[in-house]
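This report refers to the structure that appears directly beneath it.
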């Protein structure tokens, strides 16, 4: 499967990264990711730049080992377009849902969209209706993209068990603010 990295720069707490997985090459997921981030750029501060890699590693889903590389079109870049204030660690979360059960639990992933500008929030701290709609529309389009590469969630191998992947069947955006904390 393809590992795709999306790099976030230009804000307090940067750099950030989204790591996403797609079905095997030769499909190029970068255009779909560019379309997604371009659709939500009005929710991002003007200082934020998002760069989508045009190549990356192929991962053996069962072992987690590197199995090669893939390459696609040139790297895509999206820059935020809103000059409103923002909190560097606050934004939204996308829940990547699958229909696959692994070890008595449904396999699902998360994708954080951080930071969002302050006008993306209501007075009660939840996401503003219009901006939430923008995120949900963009997420639905990302899940239903037609590049030939399917977005997947990867369950890493554990001792005694092989890893596995499952196609994302839906992407939901809960009406709540998400906060990232550093692992550094």
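All of the numbers you see were taken from the coordinates with simple rules; none came from a lab. Since we're looking at a predicted model, the values are computed, not measured. Cβ placement follows ideal geometry from the backbone for every residue including glycine, while neighbour counts extend to all protein chains displayed.
Annotations
- Ratio of Rg to Rh over the chain (Cα coordinates, Kirkwood Rh, two decimals): 0.97
- Estimated FRET transfer efficiency when R0 is 45 angstrom, pair residue 161-residue 119 (beta carbons, to 0.05): 0.50
- Helix 129-143 vs. the chain, principal-axis angle (Cα, 0 to 90°, nearest 10): 20
- Principal-axis tilt of helix 30-39 within the chain, Cα atoms, nearest 10 degrees: 20
- Within the listed set 84, 92, 167, the Gaussian network model of the chain (springs between alpha-carbon atoms below 10 Å) gives the highest mean-square fluctuation for 84.
- Part-to-part distance (alpha-carbon centres) for the stretch 92-144 and the stretch 49-74, which is given in Å: 23
- Packing, as the average of other Cβ atoms within 10 Å across residues, places the peptides 44-51, 95-102 in the order 44-51, 95-102, highest first.
- Gaussian network model of the chain, Cα within-10 Å springs - most flexible of 125, 16, 64: 125
- Antiparallel DSSP beta bridges within the stretch 1-84, percent to nearest 5: 95
- Taking the helices alone, the chain has a mean residue ellipticity at 222 nm of -4500 deg cm²/dmol, built from -39,500 (n - 2.57) per DSSP H run of at least 4 residues and averaged over all its residues.
- For the stretch 115-184: relative contact order, % (alpha-carbon pairs under 8 angstrom, 6 or more apart): 32
- Fluctuation leader among 115, 31, 159 - the chain, Gaussian network, Cα springs under 10 angstrom: 159
- Cβ-Cβ FRET estimate between residue 101 and residue 17, R0 fixed at 30 Å, reported to 0.05: 0.60
- Extended-chain gain in nm, criterion 0.36 nm per residue less alpha-carbon gap, residue 35 and residue 77: 14.1 nm
- Structural descriptor for the chain: relative contact order 26 percent, calculated from alpha carbon pairs under 8 angstrom and at least 6 residues apart.
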